[in-house]
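Beneath this line is the structure, given in structure tokens, with notes to follow.
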Amino acid sequence: MIRTRLGKDGPFVSAIGLGTWGLGGRFTADARHDDLCVDAIKMGLDLGLTFIDTAEAYGAGHTERLVGRAVRGRHSDVCIATKVSPEHLRPEDVVRAAEGSLRRLDIDCIDLYQIHWPNSSVPIEATLGTMDRLVEQGKIRFIGLSNFGCRGLAKALSCAGHPVVALQTEYNLFDRTIENDLLPFCRKAGMGLIAYSPLDQGHSPTRGMGAETLVGIADKHGRTVAQVILNWLARVQGVVPIPKAGNPAHLRENAAALDFTLDEEDVAAVDLAFAPRPAAIPAWRVRADTKGLQNFVPGPNELARDIVAGEAIKPIRVVPAPDDPSRFDLVEGKLRYWAWVKAMGAERAVPALVRQPA
């Protein structure tokens, strides 16, 4: 596996990493397949996928324990990234969270410690000041951010003592909106970009020009569609995709995704078939409930203040409503949607990506 540097000041990592969201549970622990999950991570390491990304929130900490089991005795060959949750960004909570992650991962130092989501109710300078001290104490090596917009990034960089070496955000062929602002920002700042959900959580197109383009390129090189997508993303300077894989076939597929080269014609064809096309949909046309909204930290009120202050939000995701051609059903981005309504009202058009039915 090719290795690359994460930003101009960050660690050297495998050019394709290993995401762990869903291994060992999502928001709660699921121990039913622990041995299989550990074996999958070990196999990924053996194949060269030595950059592992996890978080204290994954499986309520259980995923970190599985990663710790898998890397035991070989941490020196691995770069482990984990994240502190937004409800733990006050200085004393950051320390407790980092110590908890170190204990669960069974390591002495976290290679890359990231703020999972911004939380405007906690001053970013207080959080980063604590992370700076953790670097000086040898508990973390590098600092990163996740799911920040350009305004939040700029504020963070202005008050960080140690370099912020990477931003983790969603980037795939369905959602290329970061190419407009975040990707250029990271390049200018010398930061690496960690692309989560690079395969759009398995939602590869099955029809239309996009599907035909990917299949054609895959056939041309004797590869799979997933390998074409990962290759296309990893070819972008500074970008490290971190697909999740829990079975041997997908691990081998991901590990071999850079064993060929896309030519200029391939790249141009993908660009044409998957040009960034976020829609602007009046918020009242989107059907969304408020279930569980009170559990978000930060909540919609805090995010609404950021929107009013000028922070761009990641587009929500919708599908055409099957029973009403004038409406859309929300499928991802409930917090962002309700924050937008609070900030801008229901008449203003909210940025949205429309996923067509399969």
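The values are calculated or read from the model by the stated rules, or taken from the named source; none is laboratory data. Being a predicted model, the structure only gives us computed values, none of them experimental. Every residue, glycine as well, gets a Cβ built from its backbone with ideal geometry; the counts of neighbours run over all protein chains shown.
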The stretch 132-143 - residue that is assigned to a helix (DSSP H, G or I) and not hydrophobic (A, V, I, L, M, F, W, C) and, of those, surrounded by the fewest Cβ atoms within 10 Å (Cβ to Cβ): E136
Complete set of residues in the stretch 237-263 that are crowded, with 16+ Cβ neighbours inside 10 Å and assigned to a loop (DSSP other than H, G, I, E, B): G238, I242, P243, A245, G246, A256, A257, L258, L262
Subset tally (residues that are of a type in the set (V, I, T), assigned to a helix (DSSP H, G or I), farther than 15 Å from I143 by Cβ and without any contact (Cβ under 8 Å) to a residue 40 or more places away in the chain) for the stretch 59-97: 1
Members of the stretch 46-58 found to be within 20 Å of the chain's Cα centre (by Cα) and either in a loop (DSSP other than H, G, I, E, B) or surrounded by fewer than 24 Cβ atoms within 10 Å (Cβ to Cβ) (or both), listed by number: L49, T50, T54, A55, E56, A57
Evaluation of Q201 against (1) assigned to a helix (DSSP H, G or I); (2) at pLDDT 95 or above; (3) within 15 Å of the chain's Cα centre (by Cα) (one fails), failing number: (2)
Out of T63, T50, sole residue that is assigned by TED's automatic domain parsing to the domain that holds A126, among the polar types (S, T, N, Q) and in contact with an Asp or Glu (Cβ under 8 Å, 6 or more places away or on another chain): T50
Residue among R187, R223, R176 that alone is within 21 Å of R277 (Cα to Cα) and either more than 14 Å from the chain's Cα centre (by Cα) or in the same structural domain as F51 (by TED's automatic domain parsing) (or both): R176
Qualifying residue in the stretch 319-327 (condition: in contact with a helix residue (DSSP H, G or I) (Cβ under 7 Å, 6 or more places away or on another chain), crowded, with 18+ Cβ neighbours inside 10 Å and at pLDDT 95 or above): no
Filter result for the condition that a residue is among the small types (G, A, S), closer than 17 Å to E311 by Cβ and either crowded, with 22+ Cβ neighbours inside 10 Å or in contact with a strand residue (DSSP E or B) (Cβ under 8 Å, 6 or more places away or on another chain) (or both), over S158, S146, S120: S146
Neighbours by Cβ (under 7 Å, 6+ apart or cross-chain): first from the stretch 330-358, more than 14 Å from A288 (Cα to Cα); second of a type in the set (S, T, Y) and surrounded by fewer than 17 Cβ atoms within 10 Å (Cβ to Cβ): A358/T206
K83, sole failed condition from (1) out of contact with any His (no Cβ under 7 Å at 6 or more places or on another chain); (2) under 25 Å from A195 (Cβ atoms): (1)
Residue in the stretch 287-300 that is at pLDDT 95 or above, of a type in the set (A, V, I, L, M, F, W, C) and not assigned by TED's automatic domain parsing to the domain that holds F174 present: yes
Qualifying residue in the stretch 214-230 (condition: part of a loop (DSSP other than H, G, I, E, B), among the β-branched types (V, I, T) and touching a residue at least 24 places away in the same chain (Cβ under 8 Å)): yes
Considering residues of the stretch 72-90 that are more than 20 Å from the chain's Cα centre (by Cα) and buried (at least 16 other Cβ atoms within 10 Å of the Cβ) only, the residue modelled with the lowest pLDDT: H75
